[in-house]
Amino acid sequence: MIYNSIPFAVFLPIIFILYWICPSKYRYLFLLAASFYFYMYMDPKYIFFLLGTVTVSYLLALALDSARDVFRKKLYLFIGILALIGVLALLKYSGFIIEIAGLPSPAIQFMLPVGISFYTFQTLGYLIDIYRGKYPAERHFGYYCLFVSFFPQILSGPIGRGDVLLPQLKKERTFDIYQASYGMKLMAVGYFKKLVVAGLLAPTVDKIYDNPESYVGLVYIIATFMFALQIYCDFSGYTDIAIGCAKLFGMELSENFKTPYFSRSIKEFWSRWHISLSTWFRDYLYIPLGGNRVGKIRHCFNLMLTFLVSGLWHGAGINYILWGGIHGFYQIIETISGKNKKGREEKRNPLLNLFSVFLTFMAVCLAWVFFRADSVSHAWRIISLSFHEIGNPYNYFRTAVICLDMSYAYMIYLSIPVLLLTIYDYASLKRDVIAWISSRKPWVRYPVYIFLLLIILLFSEKGVSTEFYYFQF
């Protein structure tokens with residue numbers, strides 16, 4: 001079930017009302033049934049993969065928790081990693097591996113259940129935490145099943161941690177009007193990002209990136225900037241809706257985005273972008289490899305390997321691996337140059353700070369070309385021809401305007417929601433904008449709410465793809 005769909009608009013209010021009417025001791029069962037229905041709505045067969053992952057990880061966690069010697073613990077963890085990653089690799093990467101090896105395509109094509117990359121990493125992180133003794137294994141199968149399948153986060157995260165989410169599922173709670181109200185407002189912001197900004201930008205991005213042979217020059221740069229905003233609004237919009245939806249049921253999911261395009265370095269960017277995934281790789285791959293507590297060469301290796309694996313997690317393609325490798329290269333350059341130690345100086349110097357933000361955004365956009373392009377060859381074409389005829393500024397800009405096929409009025413129309421997003425994100429650097437608006441007088445805050453609702457209704461694109469971009473991963 002997709003968040004921006006009529007079925008979800010019917011599903012959520014019904015589940016919300018029944019959840020709070022339901023006796024407290026049965027709420028987890030009701031929420032579990034609702035989560036299963038939500039997940040099976042897209043394809044009932046997906047539930048078998050989810051239940052298989054839940055059962056295997058649950059049993060192995062109990063075995064890890066009860067094991068008294070190191071050998072058994074390592075054996076159970078190895079079996080868990082092999083089983084969970086093995087299934088994910090079979091379903092998601094078998095075709096890619098066969099293609100790379102030059103083997104004939106198999107007669108059977110594997111189905112890739114939506115969300116499997118996310119809940120596989122959630123259960124894998126849980127097993128590693130149990131192995132490390134961070135917290136005891138959950139013995140109640142129902143609570144553990146809900147921990148993995150909780151419907152606001154199952155499709156695209158945020159990737160939950162056992163010590164954060166499991167206690168919340170067990171807690172007896174009463175309805176909190178402020179929490180629910182905040183959740184609805186956060187969902188509205190998420191819908192604005194997805195339906196308005198991402199929805200307006202997606203058609204132009206798709207037209208140019210899906211037909212790279214048809215264009216040259218500045219239009220590629222414009223399309224790449226548009227994609228940078230599109231993917232941010234699409235994924236952070238999903239996250240806002242997910243976190244806001246969880247608040248309606250009294251749950252707090254982890255923050256996943258913190259205005260990433262205002263970052264002053266790539267390291268800072270990754271502390272603000274897809275935080276639940278970046279911290280997952282930090283805690284379960286980068287630090288176990290030695291992190292930065294090793295020599296410089298090994299430290300650089302650890303950075304590069306972590307980002308290569310991150311790229312591979314996003315998709316079965318060389319372009320995704322290159323995207324991860326580019327970010328790994330950025331991190332290595334910043335580490336060697338000492339860039340990450342200059343943050344205080346940049347904070348004191350507004351111009352230097354602004355220049356760093358600009359450079360970081362440009363570097364991120366360069367990497368996005370490989371992420372969005374259909375192939376590496378298409379990505380190279382886009383990069384190599386982006387500055388075609390730049391020596392003739394008039395033709396350079398005129399060709400881009402013709403290729404975009406937009407009237408000046410439509411360009412202004414397009415810029416309005418982007419400007420509103422920029423203002424919102426900039427204000428979010430220093431305060432919780434939703435909480436701040438909520439604390440204003442009624443004659444201030446209610447016009448703001450009505451204005452946001454009107455913007456969503458008037459600017460949202462009709463007839464474009466409603467699926468969230470990260471569902472494919």
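The values are calculated or read from the model by the stated rules, or taken from the named source; none is laboratory data. Please read all numbers here as calculations on a predicted model, not as lab measurements. Virtual Cβ from ideal backbone geometry, glycine too; neighbours counted across all protein chains shown. These accessible areas exclude ligands, DNA and RNA; they are computed on the full protein's heavy atoms, side chains included. Shrake-Rupley method; radii C 1.70, N 1.55, O 1.52, S 1.80 Å.
Quick one: count up the residues across the range 264-286 that are open to solvent by less than 40 Å² (accessible area, probe 1.4 Å), within 14 Å of the chain's Cα centre (by Cα) and of a type in the set (S, T, Y).
The number of residues fulfilling the criteria is 3.
Out of (1) open to solvent by less than 10 Å² (accessible area, probe 1.4 Å); (2) not in a loop (DSSP other than H, G, I, E, B), the odd one out for M251 is which?
Here M251 clears every test but (2).
Any chance the range 99-114 includes a residue that's in contact (Cβ under 8 Å) with a residue 40 or more places away in the chain, within 17 Å of W280 (Cβ to Cβ) and crowded, with 18+ Cβ neighbours inside 10 Å?
no
Listed residues L127, L155; which is buried (at least 21 other Cβ atoms within 10 Å of the Cβ), modelled with pLDDT of 95 or more, at negative phi and in contact with a Gly (Cβ under 6 Å, 6 or more places away or on another chain)?
Within the list L127, L155, the selection yields L127.
Can you find, within the range 200-221, the residue that is nearest to the chain's Cα centre (by Cα) among those that are part of a helix (DSSP H, G or I) and among the acidic types (D, E)?
If we take residues in the range 200-221 being part of a helix (DSSP H, G or I) and among the acidic types (D, E), then D206 is nearest to the chain's Cα centre (by Cα).
Can you spot a residue in the range 191-200 that is under 16 Å from R372 (Cβ atoms) and open to solvent by less than 20 Å² (accessible area, probe 1.4 Å)?
First pass over the range 191-200, keeping only residues under 16 Å from R372 (Cβ atoms): 198.
Adding the requirement that they be open to solvent by less than 20 Å² (accessible area, probe 1.4 Å) leaves 198.
There is at least one residue in the range 191-200 that is under 16 Å from R372 (Cβ atoms) and open to solvent by less than 20 Å² (accessible area, probe 1.4 Å).
Check the range 46-64 and report whether any residue there is of a type in the set (G, A, S), touching a residue at least 12 places away in the same chain (Cβ under 8 Å) and under 22 Å from Y320 (Cα atoms).
No, there is no match, as no residue in the range 46-64 is of a type in the set (G, A, S), touching a residue at least 12 places away in the same chain (Cβ under 8 Å) and under 22 Å from Y320 (Cα atoms).
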